[in-house]
Structures are given as structure tokens and as C-alpha cells.
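Below you'll find the structure, written out as C-alpha cells, and then a few comments.
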Amino acid sequence: MITTNDREFDVIIVGSGAGGCAAAFTLVNAGLRVALIEKGRELPRDGSTLDIDKVVHQGCFKSRESWLDGRGRSFVPEEYFNVGGKTKWYGAALLRYARTEFSPDPAHQCRGWPISHEDLTPYYDLASEHLGIRVFDCEPDLKRISDKLLKHSPRWRAEPMPLGLAEGILSNRDEARHFDGFASPSDLKADAETAFLSYVRHAPTLGLFDGVAVIDLLPHDQSPAQIGGVLLADDRVLKGRCVLLAAGALHSPRLLQRYLERHALQETTPGFGEVGRNLKLHLLTAMIAVSPSTKSDLIRKTRIFLNDDVPHSSVQPLGFDGELIATLIPSWVHHSLARQIGRRAYGFFLQTEDGSHADNRAVAPLFADTTGIPRPVMDYDERRLAPALNEHRRLIRRFRRALLRAGMIAFSQRIGLAGTAHVNGTLIAGDDPRTSVVDSDGKVHGLRALYVVDGSVLPRSGRVNPSLTIYAWSLRTAALLSKRLRSTAREASASGVA
């Protein structure tokens with residue numbers, strides 16, 4: 001049985017979100033010794049992760065790490081450090097990318113994938129099976145809205161939303177009303193921990209190191225071109241035959257950047273110039289639509305709306321009840337009126353695929369703030385992505401008009417830089433080592449034994465939520481890696497190497 005006193009592993013995984021847990025599941029089932037490291041702890045199961053005051057108003061479970069934007073202004077990204085990562089909070093909407101979203105789209109500033117949709121299909125299938133994806137009946141309020149919207153604005157179409165929710169969630173009103181942006185204490189939402197980690201949690205070849213951060217990657221036997229382990233914040237050193245980065249698109253590139261700079265590998269690592277670049281967030285807008293009737297739907301997020309006139313965009317309902325919608329209404333509206341509006345409102349989440357731009361990036365500290373403390377930088381400007389920005393503006397106008405024709409008055413609010421629920425693309429995958437960071441198997445160009453299995457690899461953000469694609473990429477990368485490691489072990493055994 002592996003304990004936290006163990007120091008040597010076949011694979012070390014940094015981060016326990018979608019990519020980390022899916023990889024751990026695959027590698028442990030292949031019989032490999034795996035260390036899964038998570039900066040945060042397990043979430044409590046006392047109901048506090050469903051409490052609007054604690055989750056929304058106080059932000060008790062969010063990271064407090066302060067960043068600087070590209071102009072040196074301070075902000076705190078909406079990041080979470082806990083076992084299961086962001087999937088505990090988001091990730092219930094589990095959609096596949098379309099086949100076309102694996103191809104380059106230069107007009108929209110989109111790069112192509114080094115693999116095809118077909119390469120990922122079996123892993124999409126496997127992830128879907130483990131996550132228990134299902135569709136729910138369209139609830140009465142949304143059905144009335146949808147029917148009117150499609151009747152009066154026929155360019156729109158509605159499709160069922162695949163959700164990672166247990167069928168029994170309908171019997172738990174509190175959980176059904178608070179799954180979107182909240183963590184389920186009853187495991188009624190299929191997050192990375194419940195869908196993957198729980199199946200290998202007590203396996204004798206898995207060690208879970210939670211509550212401790214990885215602060216550095218370490219070389220193998222003083223050869224910096226090969227990764228040999230990690231240094232933890234408590235000074236423990238873990239050694240591994242390979243390391244998988246799964247810390248997320250804002251954090252994995254910082255580890256890699258620091259390592260390459262510290263060991264002077266900038267010139268010998270072909271993709272160094274791409275590390276941290278091509279940051280994508282989706283262009284996001286929350287829209288609140290109000291009509292005279294009160295709304296009583298529970299889940300709400302049961303349909304997705306598409307329109308070929310805005311082909312890189314999608315609209316999905318927010319899984320927010322009236323109480324939570326009231327918190328989105330401008331603060332100058334008296335709280336009693338806000339509650340009344342919330343009871344008569346339906347929320348929608350509008351998102352547009354943002355293309356890649358090299359100047360949109362997340363990097364380790366470049367300069368200090370006014371207190372002299374160096375902080376990481378997220379330099380992202382949507383104006384660098386003119387095609388996406390223009391389409392998103394069209395999306396807002398067209399959906400607002402469609403709602404008006406359906407008898408609803410809508411107002412909207414853009415999601416700013418701190419909204420990092422869909423952040424991806426800072427260590428993108430590609431065939432050309434000069435313009436990408438990892439190859440089609442997830443290995444970092446120019447380094448041995450270092451792989452990436454989180455959302456930072458995504459060359460495109462797509463028009464839908466990225467969670468399922470991250471799971472699928474990680475399952476594929478881990479499957480390929482496990483075969484390689486087992487083959488190497490057999491060869492070493494046959495040659496008499498200990």
C-alpha cells in the first residue's frame with residue numbers, strides 16, 4: 001500500500017481535476033504506481049458547498065491567489081484548489097466538440113488539432129460512460145420559452161443538453177437548484193473525483209498527496225532534458241519515471257516555464273516561445289430574461305440553443321434558481337425588487353469560441369505589483385480576436401431579440417477576465433514543435449518524460465464547455481503512456497536490468 005512516505009513512482013500527476021483524475025484512473029488500472037498531487041484538500045460534505053452565502057457572497061472555497069492583468073492591474077481569477085478541481089463546481093454540461101472543431105479555421109483565428117475527432121471518439125465514449133451522462137426532460141418553464149423562441153425566431157434550434165447528473169437529483173430539490181457553480185455533497189454530480197478517482201482511491205498502487213503544492217519540476221539524474229520528479233512545498237521530493245501536468249491552464253505553464261528558464265533550456269526546447277501563449281477563455285455573457293410569470297423549473301440547464309448565423313457560439317440556460325439569479329441583478333436595484341425579478345427570470349449563458357493569439361498568455365511573474373511582490377500575469381485582450389468579438393456581439397443581439405419575440409425582456413453582463421471556468425490553451429498540442437508545446441500523444445516537445453493532460457493542451461476552445469474534451473484527451477494520453485511504460489518495463493526485465 002502506497003503512503004505519503006513513499007518517494008518513488010512510475011507516474012507523478014500534478015493536479016486532480018478532469019485531466020488528473022482521468023489519467024490516474026487509467027494508469028492505476030494498468031498496474032502502475034501513481035502519485036496524484038493536489039494543492040487543495042477534499043471539500044466538506046456538511047452542505048456548505050451548496051450555501052449561496054458561503055459559495056457566492058463570501059467566496060469561501062475560491063482561491064485567493066492574486067494576479068496581474070496585462071496592464072498591471074490586480075485581480076483574482078475564479079480558480080478552485082480542491083480534490084476534483086473545478087469539476088466539483090462546474091463540469092455538469094458535458095458536450096463533445098464537433099468534427100469541424102478539430103480543423104483549423106483561419107478566418108476565426110483558430111488553430112487545428114494534431115489528432116482527429118475520430119482519434120478521440122473512443123475516449124469520448126469512455127468518459128461519457130464513466131460520467132453517467134444523460135439528458136433530462138425539458139422542464140415546463142423552459143419548454144414554454146423554447147417553443148415561443150423557436151416559433152418566432154426559426155433560425156434558432158434547441159438540442160438536449162447532456163448532463164453529468166444523477167437521475168435521483170430531481171428528488172433532492174436543494175441539489176437540483178444548486179448544481180451549477182456549486183459542489184454536490186451527495187455525489188449527485190459526476191465530477192472527476194466521483195467518476196474516476198473514487199474507483200481507484202484505495203488501490204494499493206495509488207498515493208494521493210493532498211493539501212500540498214508542487215513548486216518545481218526536477219531533472220532526472222542531473223539531465224535537465226528529462227524530467228525525473230517534483231519538489232513539494234513541504235520540501236519532499238518525489239521521483240517518477242514520468243510526470244503529467246494536470247494543474248490547469250493557468251498553472252501548468254508556470255511550472256514548465258520556470259523549469260525551462262532555471263535549466264537554461266530555452267534554446268533547446270523548440271516550443272519554449274509558445275509556453276503560456278494562446279490563452280483562451282471563451283467570450284462569455286450572462287443574460288437574464290424576465291417575463292410576468294414566476295419560474296419554478298429545478299434543473300433548468302436541459303437544452304442548448306444553436307444558430308448557424310453564429311456558428312462558433314452556443315447558448316445554454318444557467319442552472320440558477322430565482323434566489324441565485326437575484327444576485328446577478330445590478331446592486332443599485334433594491335434587494336426586495338431583485339428577489340421579485342429573480343422569481344420571474346430565466347438565466348442564460350452565451351459563449352463564443354475565441355481564437356488563438358500569441359499575445360494572450362498566462363506566465364510566471366514578470367514584474368512586481370506596487371507592494372514589490374512578484375505576481376503571475378494573465379494578459380488577455382479580446383480585441384486581439386476581432387472575428388470572435390464581432391460574432392459574440394451578434395450573438396448577444398440576436399438572442400436578446402429572439403427572447404423579446406418570445407415575450408421576455410433581457411439584460412446582459414459580460415463575464416470578465418476573472419471568469420476562468422473555461423480557461424484553456426496555454427500549452428497547446430500540435431505537430432510542429434516550433435508552434436506548439438506538446439505533441440499528439442501529450443508529450444512536451446524537446447523534453448523526455450513530461451506530459452500534459454489538462455485543458456492547456458486544447459488548440460481550440462470550441463463553442464461548448466471543454467470538460468468532456470479534457471477528460472477524453474487525458475484518457476487517450478494515459479492509455480498511450482501506460483502501454484509505453486509497460487513495454488519499457490518488459491524490455492528492461494528481458495535484458496536483465498533491475
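Scanning the stretch 416-469 for residues that are assigned to a loop (DSSP other than H, G, I, E, B), surrounded by 21 or more Cβ atoms within 10 Å (Cβ to Cβ) and of a type in the set (Ser, Thr, Tyr) turns up THR420, THR426, SER436, SER461. Pairs are defined by a Cβ separation below 6 Å, a sequence spacing of at least 6 or placement on different chains, a first member in the stretch 209-222 that is among the aromatic types (Phe, Trp, Tyr), and a second member that is surrounded by fewer than 18 Cβ atoms within 10 Å (Cβ to Cβ) and at pLDDT below 95; the pairs so defined are PHE209/THR4. Applying the condition of being small (Gly, Ala, Ser) and part of a strand (DSSP E or B) to the stretch 324-359 and asking which residue is nearest to VAL464 (Cα to Cα) yields GLY347.
Listed conditions (1) modelled with pLDDT under 95; (2) under 20 Å from ASN465 (Cα atoms); (3) not β-branched (Val, Ile, Thr) are all met by LEU68, apart from (2).
Could you check, for the stretch 233-242, whether at least one of its residues is among the acidic types (Asp, Glu) and either in contact with a helix residue (DSSP H, G or I) (Cβ under 6 Å, 6 or more places away or on another chain) or closer than 17 Å to VAL11 by Cα (or both)? Looking through the stretch 233-242, none of the residues is among the acidic types (Asp, Glu) and either in contact with a helix residue (DSSP H, G or I) (Cβ under 6 Å, 6 or more places away or on another chain) or closer than 17 Å to VAL11 by Cα (or both). Take TYR380 and decide whether it is touching a strand residue (DSSP E or B) at 6+ places or on another chain (Cβ under 9 Å), crowded, with 20+ Cβ neighbours inside 10 Å and under 22 Å from ALA92 (Cβ atoms). When the stated conditions are applied, TYR380 does not pass them. The single condition among (1) in contact (Cβ under 8 Å) with a residue 12 or more places away in the chain; (2) over 15 Å from the mean Cα position of the chain (by Cα) that ARG393 does not satisfy is (1).
Contact list please: Cβ distance under 6 Å, first residue in the stretch 351-363 and touching a residue at least 60 places away in the same chain (Cβ under 8 Å) and under 22 Å from GLN413 (Cα atoms), second residue assigned to a loop (DSSP other than H, G, I, E, B) and among the basic types (Lys, Arg), pairs at least six apart or on different chains. Every condition considered, the pairs that remain are GLU353/ARG463.
Within the option set ARG96, ARG64, ARG71, ARG45, being within 21 Å of the chain's Cα centre (by Cα), surrounded by fewer than 17 Cβ atoms within 10 Å (Cβ to Cβ), assigned to a loop (DSSP other than H, G, I, E, B) and of a type in the set (D, E, K, R) holds for one residue only, ARG64.
Looking across the stretch 140-154, the residues that are more than 14 Å from GLN316 (Cα to Cα) and either assigned to a helix (DSSP H, G or I) or in contact (Cβ under 8 Å) with a residue 24 or more places away in the chain (or both) come down to PRO140, ASP141, ARG144, ASP147, LYS148, LEU150, LYS151, HIS152, SER153.
Consider SER356 carefully, then state whether it is within 27 Å of PHE272 (Cβ to Cβ) and either within 21 Å of the chain's Cα centre (by Cα) or crowded, with 18+ Cβ neighbours inside 10 Å (or both). Considered against the rule, which asks whether it is within 27 Å of PHE272 (Cβ to Cβ) and either within 21 Å of the chain's Cα centre (by Cα) or crowded, with 18+ Cβ neighbours inside 10 Å (or both), SER356 comes out as yes. Quick check on ALA362: is it surrounded by 17 or more Cβ atoms within 10 Å (Cβ to Cβ), in a strand (DSSP E or B) and of a type outside the set (D, E, K, R)? Yes.
Taking the stretch 237-323 and the strands (runs of 3 or more DSSP E) fully enclosed by it, the elements with 1 or more residues that are of a type in the set (D, E, K, R) and either surrounded by 24 or more Cβ atoms within 10 Å (Cβ to Cβ) or in contact with an Asp or Glu (Cβ under 8 Å, 6 or more places away or on another chain) (or both) are at 237-245, 303-307. With the requirement that a residue be crowded, with 24+ Cβ neighbours inside 10 Å and not in a helix (DSSP H, G or I), what does the stretch 16-38 give you? SER16, GLY17, VAL34, ALA35, LEU36, ILE37, GLU38, listed by residue number.
Beta carbons closer than 8 Å, at least 6 apart along the sequence or on distinct chains, pair a first residue in the stretch 98-126 that is farther than 19 Å from PRO387 by Cα with a second that is surrounded by 13 or more Cβ atoms within 10 Å (Cβ to Cβ) and of a type in the set (Val, Ile, Thr) for LEU120/THR469; TYR124/THR469.
So, VAL444, is that one modelled with pLDDT of 95 or more and either under 28 Å from SER223 (Cα atoms) or of a type in the set (S, T, N, Q) (or both) or not?
yes
Filtered by the rule that a residue be in a loop (DSSP other than H, G, I, E, B) and free of Cβ contacts under 8 Å to residues at least 12 places away in the same chain, the stretch 190-208 gives ARG201, HIS202.
The values are calculated or read from the model by the stated rules, or taken from the named source; none is laboratory data. What you see is a predicted model; the values in this text were computed from it and never measured. We place every Cβ from the backbone using ideal geometry, glycine too, and count neighbours over all the protein chains shown.
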